[in-house]
1. For an R0 of 41 angstrom, estimate the FRET efficiency from the Cβ-Cβ distance between residue 192 and residue 604 and round to the nearest 0.05.
2. For an R0 of 45 angstrom, estimate the FRET efficiency from the Cβ-Cβ distance between residue 382 and residue 266 and round to the nearest 0.05.
3. Take the range 105-240, drop everything but the C-alpha atoms, weight them equally and run the Debye formula without solvent; then report log10 I(q)/I(0) at 0.10, 0.16, 0.17 Å⁻¹ to two decimals.
4. Compute the length gained on full extension between residue 130 and residue 396: take 0.36 nm times their separation in residues and subtract their Cα-Cα distance, giving the result in nm to one decimal.
5. Near residue 412, within a Cβ-to-Cβ distance under 15 Å, what is the net charge of the other residues, with Lys and Arg +1 and Asp and Glu -1?
6. List the aspartates and glutamates whose Cα lies under 14 Å from the Cα of residue 172, skipping any in the same chain that are fewer than 8 positions away.
7. Want the number for residue 114 to residue 90: 0.36 nm per residue separation, take away the alpha-carbon distance, what's left?
8. Could you work out the relative contact order of the range 105-240, using alpha carbon pairs under 8 angstrom and six or more residues apart, expressed as a whole percent?
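What follows is calculated from the coordinates using simple rules that are stated; it is not laboratory data. Predicted, not measured: the structure shown is a model, and the values here were computed from it. Glycine gets a Cβ as well: all are built from the backbone with ideal geometry, and neighbour counts include every protein chain shown.
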Amino acid sequence: MNRRAGLFSPYRRLRTMRRALWVRVRWVNAIWVRGIWIVGLAAIVLACASLRIAEARQNEKTAAAPPQQFLNARPGVEYVGDESCRKCHASVYQTFKQTGMGRSVSIPSPDDLRELAKPVKIINQKLNQTYSIYARDGKIIHEESESDSKGRVIFSETHEIAYTVGAGDVGKSYLVAKGDSLFVSPISYYERIRGWDLSPGYSEGAFHGFTRRVVELCVDCHTGQPLLVAGSHNRFQQPPFRFLTVGCERCHGPGATHVRQHTEEAALGLPIDEAAIDLSIVNPRKLRPEIRDDVCAQCHLAGDARVLLPGKTYLDFRPGTSLGDVVSIFSVPQQIKGNHFVALDQFEQLKLSRCWAASNGKLGCISCHDPHVQLRGDQATNSFRSRCLSCHTTSSCRAPLAQRQATSPPDNCISCHMPKQPTENIGHSSITDHRILRTPSEIPAALQSADSSFPTDLIFDTKSAGSGDAQANLRGLALAHSQVAARFPELGEKGLALLEQAAAAFPNDAEIEAAYGSALRVARPRDEERAARAFQKAIDAGSKSAEVRTQLARLRMQQGQVTAAMDLYKESIQLDPYFAPAYLDLAQVYSMLKDRQNALQILDGVLKIDPGNDAARQQRIKVEALPD
Ligand code: HEC
Ligand code: HEC
Ligand code: HEC
Ligand code: HEC
Ligand code: HEC
Ligand code: HEC
Ligand code: HEC
């Protein structure tokens, strides 16, 4: 099966709750239902360069090199940053910086501070917590606190906002720093209410306080280039981002070769040959459909499970190559997820449309979107209309003319065929109906015909024609199952079987062993030793995970191996000082051993990293009551 067939498959799609929690990616809750590169060269070098370039261009034209072989799609070409592009592409730069993508992350500004001249207070009755947002010493502060019935403060935790995520079309979230890790604030800004409220997932109890980690994928989709500490998924270098916002090179690939070439050409006064294929930089328009859409899919197709290929990071993806070479993206079949259109992202919806199915790869995100400009109002509708008319004619539409003239502006294709969801604000899912239906209320034909066969396999979104490697696919599929298992228990047994096969096929794969151990704990709770063996193998294979150690420690406790368990808890804390479960468990062990002093010390440790941790506070009261 080739990759397109996979993407065309009518069954995919439909997000549900996992996405709901942004656990990996999605943002949904009641409200969000969801150095400039100038190369100084001597005259002689210039002359040589001039010859070389002219020659290269000639070769490009005569040899008709396939446009896919972009020089900057290779590893090793340097990123230069948007400012370098500005010099020669000033107008693209200007308009792009006003789009949502061009403002995807920001540092709190004087304007933001002015907005908070009057502090904001939110009281959440359900959680019995108070949240405050205010400016202090030129910084924005988020605070969470709780008081008892007499008004005495039980705890209060404050953090300075380091980054704002989101331009704000739907909303904004905020990041705080603790050491070299970033965490999501429990408070977000919602454009719909033009005010602040709990971040998605918090009022449902999925997250609390300032404990939700920012993992690599979150910042990989939202920033220009996150700089992770090697081997970590949530610790960052200083500063954490080389480029703050989504930038030119995320869609065009690294720019060093292109900038050098054009700087040399400009210095030589060479004429610009518009007709030549410029292999120094990727223009997505010139890519074949699958890899063209991959440029957008890196961030706009979250999938239900994403598994990086061994040794890869998200930043290894280069526009002009296949996304599947870096990450395997899987979706849960729609029959399992349930049909709920609002929770789909644009890719998933678009693939349900007739326009997509019948246009043979011609339709892609850029058939309608110019990512350099974000048009609004009539300008936007007129532009989109002209995009429809690049494939349709005004007489393609069968609706009565009078009805079509009655829209504003008249004959606004979008208002009837791609309406917005009026009532809900949704982050990470389309607000605009990208299914392009004849009438918005109908069920897409692609889904109607799907009833007869009920697929139970995950859909492999990034399977490319070249990725026929069954072994590699087994690894991806097994790990994908482990990612979706909590949300879709019906996939659990199959996941376990796949993990078992994968563990046999990849004996030293830390990730597989860790996932296998977790799956065993759920599916075979009495077989402690088997799960323990898997976790131990994961550690032996180099896993740096605090969670793996804590899971193993729990099994050791069950087996009565207290000393081994305590060592594992201590290692967990050392590897991840913000991992509260390890502290809580260890404190439990100390209190079991009647070691009051160490138990109190550990619990104080939790309350230091997580003052709102109620379990730690309760446990502390009990331990204090123990005799000395
Ligand atoms: C020194 C001037 C210069 C700089 C700096 C520069 N470009 Fe260009 N770029 C050009 C010229 C001239 C063209 C048009 C001729 C061509 O395509 O060969 C061009 C064309 C392009 C194209 C279209 C290529 C095609 O085949 O359609 C893209 C995309 C592009 N530039 C992106 C960038 C990005 C991204 C940066 C920053 C990393 C950048 N440029 C920096 C001069 C420059
Ligand atoms: C590096 C990740 C990334 C890539 C690559 C990417 N996008 Fe985006 N896109 C985003 C994010 C993040 C937002 C939301 C920005 C915000 O509002 O804060 C967004 C928003 C948008 C929007 C809404 C308008 C706007 O500018 O905010 C459109 C339309 C869009 N993207 C289209 C595309 C298309 C088309 C492509 C491929 C050519 C693409 N994107 C590639 C991350 C990306
Ligand atoms: C797979 C890529 C991806 C991941 C991971 C991801 N986002 Fe997003 N996010 C997007 C895209 C694309 C959009 C805009 C378009 C949309 O809604 O589909 C968006 C929209 C948003 C918005 C609304 C922006 C606006 O202008 O209204 C916020 C806020 C946000 N994301 C925060 C986060 C946070 C915080 C995380 C991590 C905890 C995260 N996102 C993880 C891709 C991602
Ligand atoms: C979200 C993806 C994305 C980002 C970010 C992006 N571009 Fe583009 N760019 C495209 C696509 C897609 C095309 C092809 C547009 C078309 O032909 O409709 C393109 C085309 C171009 C072109 C050639 C044709 C033209 O429209 O002038 C230049 C030059 C260019 N981009 C420069 C830039 C620069 C400079 C930046 C950063 C300021 C940038 N792009 C950011 C996706 C992107
Ligand atoms: C890349 C080409 C392309 C673009 C752009 C495009 N379409 Fe289509 N569309 C098609 C094809 C091909 C079909 C199927 C044959 C047909 O019905 O004409 C189709 C079918 C449709 C249908 C019938 C759907 C059904 O379920 O029967 C509607 C409605 C539609 N398009 C509306 C639009 C609107 C509105 C736009 C602009 C927002 C648009 N299309 C943009 C190619 C395109
Ligand atoms: C047939 C035309 C068409 C195609 C193809 C298309 N879009 Fe859109 N898209 C629209 C329209 C129309 C809007 C509403 C824009 C507005 O109101 O200004 C929109 C809005 C968006 C938004 C803003 C959030 C939202 O849902 O309103 C994002 C993000 C986006 N599109 C991404 C994509 C991506 C990614 C693809 C490719 C998978 C894509 N679009 C393909 C027409 C299209
Ligand atoms: C007032 C709402 C409205 C507007 C505006 C509108 N359409 Fe339609 N369109 C419809 C309805 C309703 C149908 C289904 C008619 C039927 O099946 O009898 C339809 C059908 C279609 C079809 C499918 C025709 C077929 O042969 O099955 C296409 C393609 C289409 N429209 C394209 C467009 C394009 C392109 C525009 C803008 C130039 C547009 N429509 C504007 C309401 C509208």
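1. On the way: r = 41 Å, r/R0 = 1.00.
Efficiency computed from Cβ-Cβ geometry: 0.50.
2. The pair residue 382/residue 266 has a calculated efficiency of 0.80.
3. Values, matching the q order: -0.33, -0.85, -0.96.
4. Working: separation 266, 0.36 × 266 = 95.76 nm, distance 5.61 nm.
This chain segment gains 90.1 nm when fully extended.
5. +2
6. Partners within reach: 112, 191, 197.
7. Roughly 5.6 nm would be gained on extension.
8. RCO, the range 105-240: 16 percent.
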